[in-house]
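Report on the structure given below.
Rule-based calculations on the coordinates, nothing more; no lab input. This is a predicted model, so every value here is computed, not measured. Glycine also receives a Cβ, built like all others from the backbone with ideal geometry; neighbour counts cover every protein chain displayed.
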Amino acid sequence: ADGVAPDDEPRFAEVLDTLPLDDDGRVPPWPLWWPSEVMARLIPDQSLRLDVTRGCPSVPRSLFSEAIPAPLYDGPCGFLGFGDGYSSDAAESRARGWPTVVLSDAHHLWPIAEPDEVAGLFADMVRRLTS
């Protein structure tokens, strides 16, 4: 939604508020927010997991209180969802008549853990939207 800050979601704000802040008010890189066994389940490949963690910066906690503007766009749209946690977004997509694909056994890090599968699904979606 246009103009919504990530920490407007109470459960997410609660997670953020439990994180330690450094002297500059930065939270740890997001892969370090979770127990190592959770990250191992989400990204089983240890080398890839380490690469992801190394690539994530520490950012100011205040960043999550900034509203994120949604740009206007009137072109073709579709929805590719990873897991059942986005069911309301999938329902909205279907209501708008957009092509909608949901991998119920996936999770939000599926594009990292299974990039070939996601690339194929994305390519199929693009074909559906442009043909």
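Coupling constants for segment 25-37 follow from the phi torsions by the Karplus curve (6.51 cos²θ - 1.76 cosθ + 1.60, θ = phi - 60°), and in residue order they are x, 9, 8, x, x, 4, x, 8, 6, 10, x, 4, 5 Hz; glycine and proline get x.
State, as an integer percentage, the relative contact order of the chain based on alpha-carbon contacts under 8 Å between residues 6 or more apart.
Numbers: 142 pairs, mean separation 33.5, N = 131.
Relative contact order for the chain comes out at 26 percent.
Restricting segment 21-113 to chymotrypsin sites (Phe, Trp or Tyr not before Pro) that sit in a DSSP loop and have at most 16 other Cβ atoms within 10 Å of their own Cβ leaves TYR73. With Cα atoms as the point set, the radius of gyration and Dmax of the chain evaluate to 17.0, 53 Å.
You can think of it this way: the chain between ALA67 and ALA123 has 17.1 nm of extra reach, that is 0.36 nm per residue less the Cα-Cα gap. Compute the FRET efficiency between VAL38 and VAL59 as 1/(1 + (r/R0)^6), taking r as their Cβ-Cβ distance and R0 = 25 Å, and round to the nearest 0.05. Calculated value: 0.80.
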